[in-house]
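A.B. asks: To start, I am sharing the structure in question, which I have written as structure tokens.
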Amino acid sequence: MNIQLTLAARYLRGRKLRTALTTLAIFFGVLVLFGMNTLLPAFTRAFQGNILAAAGQVDATVTLKTGDAFDAAVADRVAGVEGVRAVSRLLDRTINLPVDYLDNDPALPDPATALSLVGLDVAQATALHAYQVSDGRFLEAGDTDATVISRSLAELLGLGVGDGLTLPTPTGEQTLTIVGLLPPRTQLGDEEVLVTLPQAQAMLAMPGLINAVETNFEPVNEAERAAVEDAILAELGDTFQLGALSSNIELLANLTVAQGIFTLLGVLALLMGGFIIFNTFRTVVTERRRDIGMLRTLGASRRTILGTFLAEGLIQGVVGTALGLLGGYGLGWLGVTALAPLMSRMIHLDIGAPVVSPALVIGSVIVGVGVTLLAGLLPAISAGRVTPMEALRPAIGAVSLRRLTGVGFWIGVVMIGLAIAALVTRNVSVIALGAVLFIAGLVLIAPVLVTPVARFFSGLLAAVFARSGTAQLAEGNLTRQPSRAAITASTMLIGIAILIMAASIIGSVTIGFSNVLRKSLGSDYIFVPPSIAVWGSDVGSGAELADSLRAVEGVGLVTTLRFAPTQVDDTAVSLLGIDPATYPQVSGLTFSQGDSAAYDALLDGRGIIVNPLLSAQSGAELGQSVELVTPTGTQTYTVVGVGGDYLNAKLATAYISQANLATDFNRTEDVLLQVNLAEGADREAAEAGMQAAIRNYPQFRMISGQEYIDENLSIFDAAFSAMYILVLFLAIPSVIGMVNTLAIGVIERTREIGMLRAVGATRSQIRRVVLAEALILSALGTVFGVIAGLYLGYVGMTTFETLGYPMEYVFPTTGVIVALVAGLLFGVLAAIIPARQASRLEVVQALRYE
Amino acid sequence: MSLISAVNLNKVYGSGDTAVTALKGVSLQVEPGEFMAIMGPSGCGKSTLLHLLGGLDRPTSGAVMIDGHNLSDLPDNKLTEIRRRRIGFIFQFFNLIPVLNAVENTALPITLDGVRPGEAKARATEWLRKIGLGDRLDHRPDQLSGGQQQRVAVARALVADPALILADEPTGNLDTRASEEIAALLRQVANEWGRAVVIVTHDPRIAAYADRIIFLKDGAIVDQTVLEPRSYDNGQGAEMVAGKLQAMGD
């Protein structure tokens, strides 16, 4: 083992650049995989922390499955259940604060971006919790406009007992007087502002409603407590659950998608890394054929040779993985630091440090080192098979690879056929498998296609190079070893395919979404709350705001969105209430089933429009019914259309009339307002009027429709630029792969090159042969890559559609052009070093090389 | 009993139209401590013969016996073991592993055999000193001259204490002075250290150092000569050999 490690280490040191580049490939793969998987769990943990914050001396908390509010009388029913000792009614609402609301200072980071307004039944709450007031006093029943906050919040705000705390509410801004301070808050989650229950109900315009009942049980042992829990659920029905409130269930859906994308990128990066390693090792085995033969001659067993190469792989794998882990953790930190302010503002969570679980570390190590060893295994085995004779007389030992292309070719064809068939099934997992099969199939049939393609391109090159000999030599070199050419081209293929696929998807998504975007947000003005698409935690406004906007001179139409959480088939669904009369005029949904007649249908009984995502998840189509969970039970609605708007495209969303929302869900708060000006209105005057109207509702920000569209489009641009950069990273391995193959080619044809030089070829002619080879190789890789990329782009579209996001297929013209140019460029780049090596060979030495 | 004996060796490369017969019915024996040279025009099969003797390749028919074992009967790992322990090899070019220094290169056969690094290094150093490279122990091949590299190869061939040394044109790449040094060294290997040495060479001057010369032509043995001891000293041996070669050519 010692000699193997010694040899491995020495050889690695002797080729520092190549070793570095190979290790880089592994480093990058592990970095992405590990880094992303520390970042996303940090988010999930923060969410869960929010949930846990409700625990305490409480045995169970009764809430609606949808998290919505319900009649306060429910608490009495819970109290009546056998085994329940005490209950406490709560109305707990997160209030998202607009930016700079508390400190009015854009320069400083906000001390808090959300607060929890908690309305307590004082008598019941103090029976269940021990509140240690350090300053002033606790709340008393009958208090008005009084609040108790924690010491930590008081310090954040710079307030004390007797000071006023102003908050935005649906009924306008309200000021509460601080009557007491509790100890500093240590739990995760938003700071609480405690008020009496009637106070909260009045402020939030939710009379007689609560959304949680904390309970304390009598029995102590596990079995009896479980029995009490069951009894409570039996009493209340299946719309209730025993669990704390969570305001951010909606976003967990987004996270799953993001996690999927990043894991995919990580896997792709590692696959490319594996390809590079495979390619590099093949180069190395060829270069060291003499040494291998020598070692075998001296008595090294096959296993010793195999071990040497595996040791080299292991060293690179370990180093690459270790660095990748470090880098990945750094990436996680970077991500958290960069995203924390954004997350804090949008969803009010402290993200904290990236999460490193032992399982993730072990998994990344196994994957990183494993890919390296696997990739190096085949070359290592072939190295072990080198007989002493091959090293002494290489010509004799050459193996013809042509027979391999027979079987491989047909397997490849079958795989491609299967991949195309998979498209028809419309099943996401099958389609994804099909994509992998397609690429694998292309790689397998590539060797057979090398000859005709090489011939074609060499004809082209002959025209370019004017000396047909050069191109012919290059063509001959490649067709002599079609498998090797194919494998090299494959590395390029994957890189180009990813590029085209990304371009295709980006193009389609942009077009698809921007169409929807323009329709949804096409009103003249929009009044947005602090958090879009997390409606549950926004404080809206009562009908007064919409009315006062209508009263402004110059305002034509005002339409609003209202929100209630619900569930369909146990999945969380955002339910939006629209005014069917005004909504289509100011805004509008984009329909995939049904049309604008659906709006009127909403007014007829219980009609519902579901968005494509919800339709895909629940299978609900036009004409079918869905069951919605309401605070008072389930309610059946009929689907009158399938369509969506931009803001809610990523979440399962449904639209019903505001009348039904009020009746079934008791919700009348407006969470978003859109305004169209009347014809010929005085813009400035209208704006001034509207600004005045929202002065008492700081939770809303007025923005012109066009501005908002531009804002959102630029988010797209940013995200996509990031994608392009990532893709570019993946291109680096392709270049390395090509350099390796060209290098092997030069080594193997040393004598030939010597002979060419001896009979009169100039150095630059030799360089041109290598360059021609490189160009043909990259043409091969690019052509196949473009084909694969176009296919994958189409697959991507189909996947999105199946998932419920309707897309238009856009041919990525720019992407294809970029790919062609990139391919050409990579070919030239890759040829530089090997060409120089080839031209620098000393003729006599080269001739003597055996 | 002979150290190594070849019985009726035939070697054919390729098949059908492109078949090439490299050796035809070659038989010979090498005694312990004997210095034998194999000569002949190019393409006569001398390197092939050497490779077969060393178990690097298998004959199409016939047998090579070492220590009573027929090499063709042995599986690859047994053959490999024999190469490690019983035979030392020296080639014309690229003898040494470029990333290892002189001591490490010399120690390779026994390191591969599992000898502990410390002991392997010690034995290698001893041999290197014996052949006069004690001041170049940690030099890598690119820091040694051609002649020095071949001397290291000789030391390496000896480090496992093999009974037989096989050398294929060991001086082909060296100038006159270095060639003669190597030839003298190999002579010493046979005389002083008692190993059998078989070299393939085309150089009469070097062949003159041997005890016995086998002449091959077109794959078959056509002549054999036994030389007077030290006939390399006065150049007469070389003249005689050259004469024989010329005669073969007609």
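The values are calculated or read from the model by the stated rules, or taken from the named source; none is laboratory data. Treat the numbers as computed from the prediction; the structure is a model and nothing was measured. All Cβ positions, even for glycine, are placed from backbone atoms using ideal geometry, and neighbour counts span all protein chains on display. Side chains included, ligands, DNA and RNA excluded: accessible areas come from the protein's heavy atoms. Shrake-Rupley method; radii C 1.70, N 1.55, O 1.52, S 1.80 Å.
A.B. asks: To the nearest 10 degrees, how steep is helix A:683-693 against the longest Cα principal axis of chain A, on a 0 to 90 scale?
C.D. replies: 60 degrees
A.B. asks: To the nearest whole number, what is the average tally of beta carbon atoms from other chains within 10 Å of the beta carbons of peptide B:108-116?
C.D. replies: Details: counts 7, 5, 2, 8, 9, 3, 2, 0, 1.
The shielding value for this peptide is 4.
A.B. asks: With the dipole of chain A worked out from charges on the C-beta (+1 for Lys and Arg, -1 for Asp and Glu) around the Cα centre, which of A:V436, A:G80, A:L236 lies farthest toward the positive end?
C.D. replies: Going by the Cα projections, it comes out as A:V436.
A.B. asks: What distance in nm separates the simple spin-label points at A:S625 and B:M248, each placed 7 Å from Cα in the Cβ direction?
C.D. replies: Modelled inter-label distance: 10.5 nm.
A.B. asks: Consider a paramagnetic label point 7 Å from the Cα of A:R137 along Cα→Cβ; state which residues of segment A:152-181 have an amide N under 20 Å from it.
C.D. replies: Of the residues in segment A:152-181, A:160-165, A:176-181 have backbone N under 20 Å from the label point off A:R137.
A.B. asks: A follow-up question, please. Would you calculate, for chain A, the mean residue ellipticity at 222 nm contributed by helices, counting each DSSP H stretch of 4 or more residues as -39,500 (n - 2.57) and dividing by all residues, to the nearest 500?
C.D. replies: Working: 28 runs with 511 residues, N = 850.
Using -39500 (n - 2.57) per qualifying helix, the result is -20500 deg cm²/dmol.
A.B. asks: Rounded, prolate or oblate: which fits chain B when a ≥ b ≥ c are the square roots of the eigenvalues of the alpha-carbon gyration tensor, with rounded for a/c under 1.5 and prolate only if a/b beats b/c? It would help to have the intermediate numbers written out before the result.
C.D. replies: Working: a/c = 1.77, a/b = 1.24, b/c = 1.42.
The shape class here is oblate.
A.B. asks: Ok, one more. Do you know which residues of segment A:276-324 lose at least 30 square angstrom of accessible area in the protein assembly compared with their chain on its own, with a 1.4 angstrom probe?
C.D. replies: Residues passing the criterion (a loss of at least 30 Å², heavy atoms only) are A:R290, A:D291, A:M294, A:L295, A:R296, A:T297, A:L298, A:G299.
A.B. asks: Here's a follow-up. Averaged over peptide B:86-93, how many Cβ atoms belonging to another chain are found within 10 Å of each residue's Cβ? Don't skip to the answer; put the middle values down first.
C.D. replies: Values: counts 1, 3, 2, 5, 0, 6, 2, 4.
Counting Cβ atoms of other protein chains within 10 Å of each residue's Cβ and averaging gives 3.
A.B. asks: If you average the sequence gap of Cα pairs under 8 Å that are 6 or more apart and divide by the length of chain B, what percent do you get for the contact order? Could the numbers behind the result be given before it?
C.D. replies: On the way: 478 pairs, mean separation 63.3, N = 250.
Rounded, it is 25 percent for chain B.
A.B. asks: Jot down the per residue volume, in cubic angstrom and as a whole number, of the convex hull over the alpha-carbon atoms of the protein assembly as shown. Don't skip to the end; give the middle numbers.
C.D. replies: Numbers: hull volume 255.2 nm³, N = 1100.
Each residue corresponds to 232 Å³ of Cα convex hull volume.
A.B. asks: Shifting gears a bit: Given a cut-off of under 8 Å on Cα pairs at least six residues apart, what relative contact order in percent is computed for chain A?
C.D. replies: Details: 1607 pairs, mean separation 141.4, N = 850.
Computed value for chain A: 17 percent relative contact order.
A.B. asks: Also, I was wondering about something else. What is the extension gain from B:D67 to B:W193, computed as 0.36 nm multiplied by their sequence separation minus the C-alpha to C-alpha distance, in nm to one decimal? Let's see the in-between values first.
C.D. replies: Values: separation 126, 0.36 × 126 = 45.36 nm, distance 1.94 nm.
This chain segment gains 43.4 nm when fully extended.
A.B. asks: 7 Å from Cα along Cα→Cβ at both A:T510 and A:D600: what's the point-to-point distance in nm?
C.D. replies: For A:T510 paired with A:D600, the spin-label model returns 4.0 nm.
A.B. asks: Give me the one-decimal nm value for the distance between modelled label points at B:S145 and A:D100, 7 Å along each residue's Cα-to-Cβ direction.
C.D. replies: Output for this residue pair reads 8.3 nm.
A.B. asks: What accessible area per residue comes out for chain A, rounded to a whole number of Å², with a 1.4 Å probe? Spell out each step's value before the answer.
C.D. replies: Numbers: 35010 Å² over 850 residues.
Spelled out: the 1.4 Å probe surface of chain A, per residue, equals 41 Å².
A.B. asks: Round to a whole number: what % of the accessible area of chain B belongs to carbon and sulfur, probe 1.4 Å? Don't jump to the answer; show the numbers that get you there.
C.D. replies: Numbers: 4830 of 10350 Å².
Whole-percent figure for carbon plus sulfur exposure: 47.
A.B. asks: With axes computed from alpha carbons, what is the tilt in degrees of helix A:482-520 against the longest principal axis of chain A, rounded to the nearest 10 within 0 to 90?
C.D. replies: It is inclined by approximately 20 degrees.
A.B. asks: Give me the accessible area buried between chains A and B, both sides summed, with a 1.4 Å probe, in Å² rounded to the nearest 100.
C.D. replies: On the way: alone 36280 and 11540 Å², together 45360 Å².
For chain A against chain B, roughly 2500 Å² becomes buried.
A.B. asks: Pop the C-beta distance of A:R518 and A:D76 into the FRET formula with R0 = 60 Å and round what comes out to the nearest 0.05.
C.D. replies: So the FRET efficiency works out to roughly 0.75.
A.B. asks: May I pose another question? Set the Förster distance to 45 Å, then compute FRET efficiency between A:I725 and A:A758 from the Cβ-Cβ distance, nearest 0.05. Write down the numbers at each step before the final one.
C.D. replies: Numbers: r = 48 Å, r/R0 = 1.06.
It comes to 0.40.
A.B. asks: Short version: which residues of segment A:370-389 lose at least 50 Å² of accessible area, all chains versus chain alone, 1.4 Å probe?
C.D. replies: Buried by the other chains: A:M389.
A.B. asks: Subtract the Cα-Cα distance of A:L334 and A:T177 from 0.36 nm times their separation in residues, and report this length gain in nm to one decimal.
C.D. replies: Numbers: separation 157, 0.36 × 157 = 56.52 nm, distance 4.06 nm.
So the chain would gain 52.5 nm between A:L334 and A:T177.
A.B. asks: Let me ask something else about it. Residues of segment A:1-23 that become at least 50 Å² less accessible with every protein chain present than in their own chain isolated, using 1.4 Å: which are they?
C.D. replies: A:I3, A:R10
A.B. asks: Sequence neighbours fewer than 8 away in the same chain don't count; with that in mind, list the lysines whose C-alpha is under 18 Å from B:K244.
C.D. replies: B:K46, B:K217
A.B. asks: Report the calculated FRET efficiency for A:L326 and A:A130 (r = Cβ-Cβ distance, R0 = 35 Å), to the nearest 0.05. Provide the component values of the computation, followed by the final result.
C.D. replies: Details: r = 46 Å, r/R0 = 1.32.
It comes to 0.15.
A.B. asks: With a ≥ b ≥ c the root eigenvalues of the C-alpha gyration tensor of segment B:1-47, is it rounded (a/c under 1.5), prolate (a/b larger than b/c) or oblate?
C.D. replies: On the way: a/c = 4.25, a/b = 1.96, b/c = 2.17.
Cα axes put segment B:1-47 in the oblate bin.
A.B. asks: At a 1.4 Å probe, what is the % contribution of carbon and sulfur to the accessible area of chain A?
C.D. replies: On the way: 21560 of 35010 Å².
The nonpolar share, carbon plus sulfur, comes to 62 percent.
A.B. asks: On to the next question. Working from Cα positions, state the angle (0 to 90°, nearest 10) between the long axis of helix A:2-14 and the longest principal axis of chain A.
C.D. replies: Taking the Cα atoms of chain A, the angle to A:2-14 is about 90 degrees.
A.B. asks: To continue, here is another question. When the convex hull of the Cα atoms of segment B:179-250 is projected onto a plane and the area is averaged over all directions, what value comes out in nm²? Write out the running numbers ahead of the final one.
C.D. replies: Details: hull surface 19.1 nm².
Dividing the Cα hull surface by four gives the mean projection, 4.8 nm².
A.B. asks: Can I ask one more? Over all alpha-carbon pairs of segment B:22-164, lay out the pair-distance distribution in 5 Å bins, whole %, shortest bin first.
C.D. replies: In order of increasing distance, the bins hold 2, 9, 18, 19, 18, 15, 11, 6, 2, 0 percent.
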